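What follows is a single structure, written as structure tokens, with notes after it.
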Amino acid sequence: MNQYKEYQDRNGNLACILFGSKAIPIDPANTDYQAFLKYQTEGGKVYGADEEFPDGQAADGEQT
């Protein structure tokens, strides 16, 4: 399961999307960002910057 999380800068602005250890820039030309938008459009869960992943889940959806 993919798990994306928003990352905010120190001013509280959306800076990028985290996917595992990867930071995806907010850039429509970026293919990872396009995949994120598709996932989001299809109803995928996107965790807010202040939300934690469910117990036993890593950022990439793998069991810990």
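Only the coordinates and a few stated rules stand behind these numbers; no lab work does. Keep in mind the model is a prediction, meaning the values are calculated, not measured. A quick note on method: Cβ atoms are made from the backbone with ideal geometry, for glycine too, and the neighbour counts reach across all protein chains shown.
Figure legend. Inter-residue proximity from the range 10-24: first residues farther than 16 Å from VAL46 by Cβ and touching a residue at least 40 places away in the same chain (Cβ under 8 Å), second residues in a loop (DSSP other than H, G, I, E, B) and hydrophobic (A, V, I, L, M, F, W, C), beta-carbon distance below 7 Å, spacing 6+ or different chains. No pairs are indicated. Cβ-Cβ contacts under 6 Å between residues 6 or more apart (or on different chains), taken from a first residue in the range 25-39 that is at negative phi to a second residue that is exposed (fewer than 13 other Cβ atoms within 10 Å of the Cβ) and part of a helix (DSSP H, G or I), are absent.
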